[in-house]
Amino acid sequence: TTSTNTTRCRFSIVDCRLPPHEPAQEESIAIMPPKNKKKDADDADDKYMRAARFGRVKNDLKMGFVGLPNVGKSTLTNLLAGACHAEAANYPFCTIDPNMVQAIVPDQKFKYLANTWKPPSVVPASMKIVDIAGLIKGASEGAGLGNAFLSHIAAVDGIFHLVRAFDSDEVIHVDDSVDPIRDLETIQSELCLKDKETLAKVVEKEKDRIRKEKGIARSTEPPLGETFQSAYNKCLKLIESNTPVQTHEDFSMGEVDIIRDFGLITTKPQIYVVNMSKKNFMRKGSKWLPKIQTWVNEHGGGQIIPMSCEFEQELMDLQDDKDAQKAFIQQCDDEVKAMGLSGPGFAIKSVVPRLIRSGRQSLCLQSFYTAGPKEVRAWTIMKGTLAPQAAGVIHTDFERGFIKAEVANFDDFKALHNGAANMAKVKEAGKYRQEGKSYVMADGDIVVFMHNVTASKKK
């Protein structure tokens, strides 16, 4: 039997030189060196794989927004939920519950396939995002609704750490003043304090296990395994220095396996999102960004994405009027040019698609496609998934009775299909492959799975 059902993330800190009348030393961002795209892509893959190594091996993973109250978490969650809906006319967009939404993954390859086949059913990849209520200082000890909030963070697989870098008389800051460095310290401290508490419980649990296994009295201090002890020591050192465990590179595979069972919050991949004013976002400058970059580098490093909820909300409010959206973007471009700023680095566009792609990439998720006259669909799998397990995402019978996968690379299809909604030209060029059980799925594969499942005979 053949399946004809059909599946598939960047930020750089740019030169933000200001016009002469502005204090450049206060409003500029560090300049990144020119990029080696292939090397950067390989380094990014390594970084994300390291960050995700402690996570669950599942295709249905969630990102959560973490931050103080009134920093823009709910606004940004709603913005992500409302993005890219035009790419999937019949997809059920809804809030999963009051604090969880599904964000459609922006994907030009998927869009190309949908436009090629023009099927009645189009199902894009999506990512679940949780709006976690604001933490406050003392949350690890139960302040506010701290314990409940921290349990919500523990339930997600990756973190968008949102900090506020805009002033507003209308939006009160919980600490009465805007200072993203202080806010970063507050949130990171609370997460690390909770992890320290968790580590203490983990050690006692391990000691009880060893006592029971060896028949040792409770009053006796049992010896901990060498790998467990080293994993514990490394985690404790990181947590006491207010550094997320997931940023550390020097863990052995044995230590990773043990740490995965610790249940630490700071083992989750983390992306820092900076909510700026519309004006600062447009000119790509803020006195806080270099300071935030320094803080992040001193706490294990990580990806930083500057954005503006103010700008994104204004843009989203015009989504039903494309001409009005274009006029708004043009107005913003004109304002930036009037500041004396020009060039590709100052192009005005939404950051929402990048946020969604970056969140998904941090969880090591990717897509493969199935495409046919009835449906074009993007299926989500983890990086490194083998063909039979990918088939199982469509239906468990496909994995159980897997025979082979017929695979076309998207770029080959695009270059060769000559407008036809089929693989004929791809096959003629010898670019249509048959892969077996050991094939590791690549991001963007277009696949047909061959399987055969026979019912067991009645006895």
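Points to keep in mind about this one:
- The largest accessible area among D323, D157 belongs to the first residue in D323, D157, and the rest follow in falling order (1.4 Å probe, all chains).
- Solvent exposure of D167, expressed as accessible area, is near 130 Å², computed with a probe of 1.4 Å over the protein chains only.
- Rounded to the nearest 10 square angstrom, H152 shows an accessible area of 80 square angstrom against a 1.4 Å probe.
- Charge context of A420, other residues only, Cβ under 13 angstrom, K/R +1, D/E -1: +3
- Globularity index of region 359-447, i.e. its alpha-carbon radius of gyration over 2.2 N^0.38 Å: 1.09
- Residue-level accessible surface for T198, protein heavy atoms, 1.4 Å, Å²: 30
- Among 287-293, 73-79, the order from most to least packed when residues are scored by Cβ within 10 Å on average: 73-79, 287-293
- Of the cross-linked pairs K326/K425; K58/K431; K128/K383; K62/K287; K128/K427; K109/K383, those separated by over 27 Å at the C-alpha level are K326/K425; K58/K431; K62/K287; K128/K427.
- Neighbours of T227, meaning other residues whose beta-carbon lies under 9 angstrom from its beta-carbon, give a summed charge of -3 when Lys and Arg score +1 and Asp and Glu score -1.
The values are calculated or read from the model by the stated rules, or taken from the named source; none is laboratory data. As the structure is a computational prediction, the values presented were derived from the model and not from experiment. We place every Cβ from the backbone using ideal geometry, glycine too, and count neighbours over all the protein chains shown. Surface accessibility is based on the protein's heavy atoms, side chains included, excluding ligands, DNA and RNA. Shrake-Rupley method; radii C 1.70, N 1.55, O 1.52, S 1.80 Å.
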